[in-house]
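What follows is a single structure, written as structure tokens, with notes after it.
Rule-based calculations on the coordinates, nothing more; no lab input. Owing to the predicted nature of the structure, the values given are computational and were not obtained by experimental measurement. All Cβ positions, even for glycine, are placed from backbone atoms using ideal geometry, and neighbour counts span all protein chains on display.
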Amino acid sequence: MNSQTPDATTLVILGATGDLTQRLLMPALYRLYTRGHLEGVSLLGYAEKDWKREEFLAHLEQALRRFVPEFDPAVWGGLRERIAYRAGDLSPEKLSVLRADLTENALFYLALPPDLFGQAAEGLGQAGLNGDNQGFRRLIVEKPFGYDLASAEALRGQMHRFWREDQIFRIDHFLGKETTQNLLVFRFANRFLEPIWNAQHIAQVQITYAETLGLEGRWRYYDRAGALRDMLQNHLMQLFTLMALEPPSVWDSEVLREHKVEVLRSVRSIPAAQVDDFAVRGQYAAGSLGGQAVPGYRQEAHIPPASTTETFAALKLYVDNWRWRGVPFYLRSGKRLHADYAEVALQFHDVPMRFFGPKAPGCNWLVLRMKPRESLELVAWAKIPGLALEARPVVLEAPYEQPGDAPYTAYEQLLLDALQGDRTHFLRFDEVEWAWRILEPVLAAWKLGQPEPYSAGSEGPLGMARLMDDGHAWRPLGGD
Ligand code: BG6
């Protein structure tokens, strides 16, 4: 990422009065502005609400005061001068009004409900706002990209009607996270890893994203999506591809994305008759978290009492290529679990002969921890001080943020990348579609039956243990 943003650029936010804009986009834009990255960039809010500019600005200010702890009225005074507002719907006639407001370059951020993505992309195209012979025109859109393979393909068709693939920036905000980006740096900047980054040395990989959060008012979306669509199809699948991909020959967004697709293409198909050996789903029942009683999913406001939506999903994937054949990749994510805990952890095979220590399975783990803190950990055997030659595991931990570092949030990183035209951390359409293809048998099987209940505040459904190959066990939420 360099710090140059192109001159005379308009960032148009469609759906500018909604939740995504106030919670995530505006705070990120505020921070980018504070850090001097928005030179030459103006913001244009667009939404159906028949507001005047002043009303829109008052709404944004309220949101910034709420979501930006370091909010400073003097900074806002400067930023607000760059912001305009237009009211309208997604019809080409209304959208074409925007033409007069655009500078040389323009990005359109679709901060809209997912069922409007296709219509918005087409509407902008019909209004002639996609043409990039004067300056650039880009479309930014955030998951969910479809609901299954067929709807993802249909959405791609709608988007490609007026927009070339290189104009489309599909956001998966995990790709803007520091730990995710560090996965690439750690893998490809260190000589000692490559010789052992394969099935000969790695026994298993576990990717975990556990949340204590529940629905947070998102019942309308979540009850239709569930954990598999909400977290595994996209965020965890991205972490998985970055773990597994081959080293690219050059640092280039297309090459990198091609390598990610190659991983997805190499995933062994899940046989329709054996979905239960590869996937587990759960739904939280009443329980307690941090000493507080919490209701079960089916008792949450607006959730149908017989809902079969899963709030926990786990998968086992195998990558059938030379590097990874035989290594299980376990992915899991759930809501209302007992800790906010996230990591990518890989376990090495045990030494061929063990002379010291208990007859426990190998303890050598390498962990890229994302939550509660971002760090790198290596678990190794070491001697227990004393007369006997006995071993116990020790943890070498390195937080990778050092005093004086100035990390960027995922949305800051990705908005800046999109402004600068760097597509490295955005999804190509075929990544999205391959990820759906892998999950098709699971989605089909889960149309029937029920998720297994687990108590809120627990580690998840007991049935998740059935995914584990011999000698493997899920890591506890909270580390070793
Ligand atoms: C979102 C999901 O994409 O990612 C949420 O829709 C989830 O359900 C969130 O809570 C997790 O990401 P983060 O960055 O907020 O921890």
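When the charge dipole of the range 1-141 is built from unit charges on Cβ atoms (+1 for Lys and Arg, -1 for Asp and Glu) and taken about the Cα centre, the candidate among 98, 40, 12 whose Cα reaches farthest toward its positive end is 40. Summing +1 for each Lys or Arg and -1 for each Asp or Glu among the other residues whose beta-carbon sits under 9 angstrom from that of residue 400 gives -4. The distance linking the range 281-354 with the range 132-196 is 24 Å (Cα centroid to Cα centroid, whole angstrom). Taking packing as the residue-averaged number of other Cβ atoms within 10 angstrom, the listed peptides 120-130, 381-391, 367-377, 336-346 run from highest to lowest as 336-346, 120-130, 367-377, 381-391. Spatially, the range 20-95 and the range 407-480 are offset by 31 Å when compared through their Cα centroids. Shape class for the chain: prolate, because the ratio a/c of the largest to smallest gyration tensor axis (alpha-carbon atoms, square roots of eigenvalues) is 1.5 or more and a/b beats b/c.
Once the C-beta distance of residue 154 and residue 199 is scaled by a Förster radius of 41 Å, the resulting FRET efficiency is 0.65 to the nearest 0.05. Straight Cα distances below 25 angstrom link residue 52 to the lysines 94, with same-chain residues fewer than 8 positions distant left out.
Computed from label points 7 Å out along Cα-Cβ, the spacing between residue 349 and residue 96 is 6.7 nm. Output the antiparallel fraction of DSSP beta bridges having both residues in the chain, as a percent to the nearest 5. Around 55 percent of the beta bridges assigned by DSSP in the chain are antiparallel ones. Only the Cβ atoms of Lys and Arg (+1) and of Asp and Glu (-1) were treated as charged; on that basis the dipole of the chain about its Cα centre amounts to roughly 640 debye.
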